[in-house]
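S.K.: Sharing a structure here in structure tokens format.
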Amino acid sequence: MKDPFNFNFNRFNRSSVSRIPLLALLGLLSLGLWPTHGMGSRSQEVPVRIPFEPTVTYGEGYGEEVVAQQAQSRFALKLFDHLLRQQPQENLFFSPLSIRLALSMLYNGASGETQTAMAEVLEAQDLSLNELNWSNAQMVGWLAEGSPAGGPVQVQMANGLWVDQTLTLQPQFLQALATYYQAVVNRVDLGSRQTVNQINGWVAERTQGKINRIVDRLSREDLMVLLNAIYFKGEWTQPFDPERTQTQPFTRLDGRRVRVPMMVQSGRYDYLETEQLQVVSLPYGEGELEMLILLPKKGVKLESLRAELSPETWQEWTGSLRPRAGSVRIPKFELAYETDLTSVLQQLGLGVAFSNRADFSQMTPEPARISKVLHKAAIEVNEEGSEAAAATGVIVSRTAVDRQEPFQFVADRPFWFAIVASGSGGNPAAQTVLFMGSLVDPK
């Protein structure tokens, strides 16, 4: 069978990866669901001094790009599938790239069974840790390179780490996050309201106000919060004419028709049509990024497409587009989405990382586990283009110590007793016994 990911990669050149970054950046937008409308303060970062230079080195002819691209696609599609199953009647919008980068940072601190589980969830079994980090850095670098200041496409990403001031972190963990993710480390009183405000302010600033809150509260049991924030703004290569936007009907999943503003334009588009669906590409800027819209044919349900969704079918649907003349009519909309990814990630096989068996000894000598993975995303689509943002927060907490019932010691029967002096350094083998006794009758 033909390899569905047989792309012609050349160090993430733009022509070969234009579709996948959009999948990672904007998520998979189901336009068969009616969108609802809706969706800070600056924070002061105090970077921790790290005794190394953040440099990325790699050999000539590195071949991980294809494997990494496959892994990112598989991760995005399986996460999309599980999120669809959670609330199939609701809007869905998320950033697989944001989630994957946040988890990849934490992956650098995992060991043993936890490391194996994270590799499987991230679809990174065929990549070494350095290869995964390197490919993430290359992808982020490519996106930044393609969005110069003042250009028609803007992509901004940031990673941050808020660490409780009492926590010790392993130097190699800090080095990896600085080298590959440019993550700024903030030493704080993590359980304070001030820290919560700082985190939310950081997210709001780096998403241009699209996401103004990611955490509501932190407890004294929390050790750190790893954050990724991503912001995207793209102008259509061919903008829609606002004067042609008209209020027209949109049929919801329940069959009810609602009237919404519909944008319309005509031209030549990369397009695919099968018995099940139509796919069209709407490019941004010079075409580095594009929105792919997958529209089921009339009479075909979104659930039918979901049942067939796989890396192979995704590549078949989005990798076979050809230029064709036509007209496009899509709704003008805004939507916001938020979720706690804990249950989904546990379903995907990451349960051990949330349990007392979690092993993050490559990150800290303190027993630690994931307590929550929070994600928020928002998008606005209009005649000029699209603006979207997402934030992912991974909260790491102390591993809970098994709580034992308080014991009861009732000396209501004969017992032995002794008065001892502990040896040097508290060594029980060096005790001096001053007195010993056996009590069989206290009267």
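The values are calculated or read from the model by the stated rules, or taken from the named source; none is laboratory data. No experiment lies behind these values; they were computed from the predicted model shown. Glycine also receives a Cβ, built like all others from the backbone with ideal geometry; neighbour counts cover every protein chain displayed.
S.K.: For the structure I just gave you, tell me whether Leu335 is of a type in the set (A, V, I, L, M) and at pLDDT below 95.
M.R.: yes
S.K.: In addition: Filtering the range 120-160 down to residues that are acidic (Asp, Glu) and assigned to a helix (DSSP H, G or I), which residue is farthest from Lys78 (Cα to Cα)?
M.R.: Filtering the range 120-160 for residues that are acidic (Asp, Glu) and assigned to a helix (DSSP H, G or I), the one farthest from Lys78 (Cα to Cα) comes out as Glu145.
S.K.: Does Leu226 meet the test of being under 30 Å from Leu161 (Cα atoms) and within 24 Å of the chain's Cα centre (by Cα)?
M.R.: yes
S.K.: Within the bounds of the range 331-342, is there any residue that is out of contact with any Phe, Trp or Tyr (no Cβ under 9 Å at 6 or more places or on another chain), in a loop (DSSP other than H, G, I, E, B) and surrounded by fewer than 21 Cβ atoms within 10 Å (Cβ to Cβ)?
M.R.: no
S.K.: Report whether or not Gly385 is touching a strand residue (DSSP E or B) at 6+ places or on another chain (Cβ under 8 Å), at pLDDT 90 or above and either of a type in the set (D, E, K, R) or assigned by TED's automatic domain parsing to the domain that holds Arg252 (or both).
M.R.: Taking the combined requirement at face value, the residue does not satisfy it.
S.K.: A further question follows. Is the range 253-274 home to any residue that is under 16 Å from Gly326 (Cβ atoms), in contact with a strand residue (DSSP E or B) (Cβ under 7 Å, 6 or more places away or on another chain) and among the β-branched types (Val, Ile, Thr)?
M.R.: yes
S.K.: Using beta carbons and a limit of 6 Å, which pairs, at least six apart or on different chains, have the first residue in the range 136-163 and more than 22 Å from Glu384 (Cα to Cα) and the second one in a loop (DSSP other than H, G, I, E, B) and among the aromatic types (Phe, Trp, Tyr)?
M.R.: Gln138/Phe12; Trp142/Phe12
S.K.: Please verify whether Gly287 is surrounded by 13 or more Cβ atoms within 10 Å (Cβ to Cβ) and assigned to a loop (DSSP other than H, G, I, E, B), treating the condition exactly as stated.
M.R.: The answer is yes for Gly287.
S.K.: Collect the residues in the range 253-268 that are farther than 30 Å from Gln89 by Cβ and either in contact with a Pro (Cβ under 7 Å, 6 or more places away or on another chain) or of a type in the set (Ser, Thr, Tyr) (or both), keeping them in residue-number order.
M.R.: Listed by number, the residues that qualify are Ser266, Arg268.
S.K.: Pairs needed: first member in the range 98-111, in the same structural domain as Leu226 (by TED's automatic domain parsing); second member anywhere, among the aromatic types (Phe, Trp, Tyr); C-beta distance under 6 Å; at least 6 residues apart or different chains.
M.R.: Arg100/Phe75; Met105/Tyr181; Asn108/Phe173; Gly109/Phe173; Gly109/Phe360; Ala110/Phe360
S.K.: Tell me yes or no: at least one residue of the range 219-241 is in a loop (DSSP other than H, G, I, E, B), in the same structural domain as Glu384 (by TED's automatic domain parsing), touching a helix residue (DSSP H, G or I) at 6+ places or on another chain (Cβ under 7 Å) and loosely packed, with under 13 Cβ neighbours inside 10 Å.
M.R.: No - not one qualifying residue is present in the range 219-241.
S.K.: Still on this structure: Return a yes/no flag: does the range 249-259 have any residue that is under 30 Å from Glu366 (Cβ atoms) and exposed (fewer than 15 other Cβ atoms within 10 Å of the Cβ).
M.R.: No, the conditions are met nowhere in the range 249-259.
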